[in-house]
Amino acid sequence: MIDVIEAARTAGVEWLSLYAFSTENWRRPAGEVDFLMRLVRHAVRKHAPLLHARRIRCRFLGVTDSRVPAPLARDFADLMTLTGANRGMTLTVAFDHGGRGDIVEAARSLIRSGVSADAVDEENFAAHLPFPDTPDVDLVIRTSGEQRISNFMLWQVAYAEWVFPPVLWPDFRATHFVECLRTFQQRDRRFGGVTPNANGETRP
Amino acid sequence: MTDTTGSHPDATAQEHPVDGDAPLFGPGSQFHQFFNDPRWALAMVRATVLEAAHPQVGAALMESSTFVVHPWRRLRNTFLSLQRMFGADDQVRQREAARLNRLHSRLNGTDAHQRPYDAMDPHVRAWVVATLFESTVTMCRLSGQPLEQRTMERLYAEFQAYLAVMDGEDGRLPATLQEFWPYYDRVVEEELENTEALRIILYKLFDHLPAPPVLDGLPTVWAAGRALAGPLVGAITVSSLPESFRRRAGLPDIPGARTLTQSAYLAIGLARFLPDSWTQAEGLVSLLFVAPDSEDPRARTVTAVRDGMKRAGALLRLITPLPAQPDPAEAPGPQRTAEEFFRDVLDQTGDGYLDWPDLAAMARELSGRLDLDEPQETRLYNAYAEWWKELQTDLDTDGDGRISKEEYAAAVPSLAGPALIKVAEVLFDATDADGNQSIDADEYRALFRTGFHRDVADTDGSYSRAAFVRDFLSFMSGRQRSSPYDPLLAEA
């Protein structure tokens, strides 16, 4: 994992998000969940100094679930405090995150703020999402040959390019990442319109 | 090298102080040269240990002092008191002496072995001053800059004068320095004991030294610092004690501690060459008490340091190897539990019970803050004494003369009785220095050392009696955290 983070940083990626654990993963057997939690805690603690040294700002999406063990939540909070002032690259770890949940939460927050229905547009809706400064996602890499969205950052992936390398996540290395980047660079991104150079129009 | 001697007139002047003419107090005195010396902190800890080893002082410390629970407060108060006593202003000195005498006259009783103790006993007070003098001399000796005989005599005369201001003319220190050393050796040899206060100070204090207020909320940083500093200060202090006493009291002889002690004193001595503002003992002590959000100009620096500390704390926690038993650290909410309030505010002496010395300590702290004179100081003590009687009647269900945590928790609602309201009223009168029935910004600052909070002041910018009494009661009984009383009574 740290390998991939390093590769992304070196390649000039400014925003990197990792999907570590989804809300649905809680349905897995308790022993497996416990093991995963210990693994995550171990990884966070092991890599904290390096992440900080690389000036990477770390933050966590959806760690407020009470099922997240208290010591792990403490480590998450500590890592956010430690790296909060860094501006090298922003690493968002989606932990116990569900894209629909985020959207529902944003809707709630919007209603609570008393905005009239007519005043709601995409921009001010997005301002109520968690970490509203996160830009739209350019590229999603879904490993293991699975070709599903799996409720990941639903709002932000609207215009994302997707690649589906067959390699399993534990085997996914820097070289795989660079390969995915190359694929991305060859994509013809049209953002819902047609390519500007095909008919001379500028994109919205 | 003879050609360079002429370029150091200051050094030459210092080596030959003008005897007779030099004042015993104030900026020209020998004592003043030590006052901002960072080695003082170590010397004062050492002096406190030697005081505690005296049976009578030890008993007074055990019965009444909050030193173990609030060491920083006590250190700060001692600094302030010495500053007043050794300052240039004779009126301030006389007032401070009167205040100390009033304070000491309240410290008497019998110890666990039914031996009487009395803080007004001239021998006891002489011993306290003797430890301060001797620790200063030892501080210089251990850091490789032993005092010259004349300087030492000068300093001794100043400490004698200090004692005389408190005791009138019959100070019990030996008349000359030549007679002092046999006196000192004799007390060490014959009177000092391994008292309970000594054991508590050495072991409990160094083991569980509470964090200074600036580090409050950052327990990990403090734990890391203390893990190193506590045993170190402990070892240094123990090994600097007179050897015969160390042997008799069965204090551990730590291999290498002697060398360590000398290097510690030496290292701290060398710190004198750092920029002044870094090392002024007084500055350090007061910085420990700056509240991060107060209007003190240093608060911004403190806030910046705190942010850095927060990050350092986060890093420390992350890189600390995982403990076998993870502890669920709870963030403190705005409300205290009855138990927390008992521990943080009421039980000032930290013995697990609420007793008169706990309330006396609060009265003492408040009088010190407000710099009260007679008769207001006595009024405040009396109000606290009345409250104590009320508490005892209402809360001491098992009749052992003190109130346990459980007895307190069971009776929390009845805490705001008429006697506590009386305490609030008396405190208001004392704080309202100009007697205009409202507390203005200056009077408020005298008590709490911070400016008015917006929600405190009435519309006309002052703090009324009713609001003051209400807030005091809500702190003392409603267990409201984050009130201005917190830094005053709850912090170390």
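The values are calculated or read from the model by the stated rules, or taken from the named source; none is laboratory data. Remember, predicted model here, so these are calculated numbers, not experimental data. Please note: Cβ atoms are built from the backbone with ideal geometry, for glycine as well, and neighbour counts cover all protein chains shown. The area values use the complete protein model at the heavy-atom level, side chains included, leaving out ligands, DNA and RNA. Shrake-Rupley method; radii C 1.70, N 1.55, O 1.52, S 1.80 Å.
Looking at A:D102, A:D96, A:D3, A:D78, just one residue is assigned to a strand (DSSP E or B) and touching a residue at least 12 places away in the same chain (Cβ under 8 Å), and that residue is A:D96.
Whether a residue is within 14 Å of another protein chain (Cβ to nearest Cβ), open to solvent by less than 10 Å² (accessible area, probe 1.4 Å) and either under 17 Å from the mean Cα position of the chain (by Cα) or of a type in the set (K, R) (or both) was assessed, and A:L72 does not pass this test. Of all the residues in the range A:81-93, those that are surrounded by 17 or more Cβ atoms within 10 Å (Cβ to Cβ), within 14 Å of another protein chain (Cβ to nearest Cβ) and touching a residue at least 12 places away in the same chain (Cβ under 8 Å) number 3. On inspection, B:D400 qualifies as outside any helix (DSSP H, G or I) and modelled with pLDDT of 80 or more. Of the set (1) farther than 29 Å from A:E161 by Cα; (2) surrounded by 15 or more Cβ atoms within 10 Å (Cβ to Cβ); (3) at pLDDT 85 or above, all apply to A:D118 but (2).
Condition first: touching a Gly at 6+ places or on another chain (Cβ under 8 Å) and not hydrophobic (A, V, I, L, M, F, W, C). Now tell me which residues in the range A:118-155 satisfy that. Passing the criteria: A:P130, A:N151. Taking only the range A:124-170 into account, find how many residues are over 14 Å from the mean Cα position of the chain (by Cα), under 18 Å from A:F95 (Cβ atoms) and loosely packed, with under 14 Cβ neighbours inside 10 Å. Residues flagged as over 14 Å from the mean Cα position of the chain (by Cα), under 18 Å from A:F95 (Cβ atoms) and loosely packed, with under 14 Cβ neighbours inside 10 Å within the range A:124-170 amount to 1.
The criterion of being open to solvent by 60 Å² or more (accessible area, probe 1.4 Å) and assigned to a helix (DSSP H, G or I) does not hold for B:H113. Does A:R59 qualify as being at pLDDT 85 or above and either surrounded by fewer than 18 Cβ atoms within 10 Å (Cβ to Cβ) or away from chain B (no Cβ under 14 Å) (or both)? So A:R59 fails the test. Just to be sure before I move on: is A:D65 surrounded by fewer than 18 Cβ atoms within 10 Å (Cβ to Cβ) and touching a strand residue (DSSP E or B) at 6+ places or on another chain (Cβ under 7 Å) in the structure I sent? Yes: the conditions hold for A:D65.
Given the options A:R54, A:R45, A:R38, name the one that is open to solvent by 50 Å² or more (accessible area, probe 1.4 Å) and within 11 Å of another protein chain (Cβ to nearest Cβ). Of A:R54, A:R45, A:R38, the one residue that is open to solvent by 50 Å² or more (accessible area, probe 1.4 Å) and within 11 Å of another protein chain (Cβ to nearest Cβ) is A:R38.
What are the residues in the range A:6-54 that are assigned to a helix (DSSP H, G or I), among the aromatic types (F, W, Y) and in contact (Cβ under 8 Å) with a residue 24 or more places away in the chain, if any? A:W26 - this is the single residue of the range A:6-54 that is assigned to a helix (DSSP H, G or I), among the aromatic types (F, W, Y) and in contact (Cβ under 8 Å) with a residue 24 or more places away in the chain.
Is it true that some residue in the range A:18-25 is of a type in the set (S, T, Y), within 14 Å of chain B (Cβ to nearest Cβ), in contact with a strand residue (DSSP E or B) (Cβ under 6 Å, 6 or more places away or on another chain) and within 29 Å of A:D138 (Cβ to Cβ)? There is no residue in the range A:18-25 that is of a type in the set (S, T, Y), within 14 Å of chain B (Cβ to nearest Cβ), in contact with a strand residue (DSSP E or B) (Cβ under 6 Å, 6 or more places away or on another chain) and within 29 Å of A:D138 (Cβ to Cβ). Examine the range A:148-169 for a residue that is at pLDDT below 90 and assigned to a helix (DSSP H, G or I), and state whether such a residue exists. Checking the range A:148-169: at least one residue is at pLDDT below 90 and assigned to a helix (DSSP H, G or I). Somewhere in the range A:128-137, is a residue farther than 30 Å from A:F172 by Cα and not hydroxyl-bearing (S, T, Y)? Checked against the condition, which is being farther than 30 Å from A:F172 by Cα and not hydroxyl-bearing (S, T, Y), the range A:128-137 yields at least one hit. Taking the range B:116-139 as the range and being in a helix (DSSP H, G or I) and more than 19 Å from B:D185 (Cβ to Cβ) as the test, the residues that pass are B:P122, B:R125.
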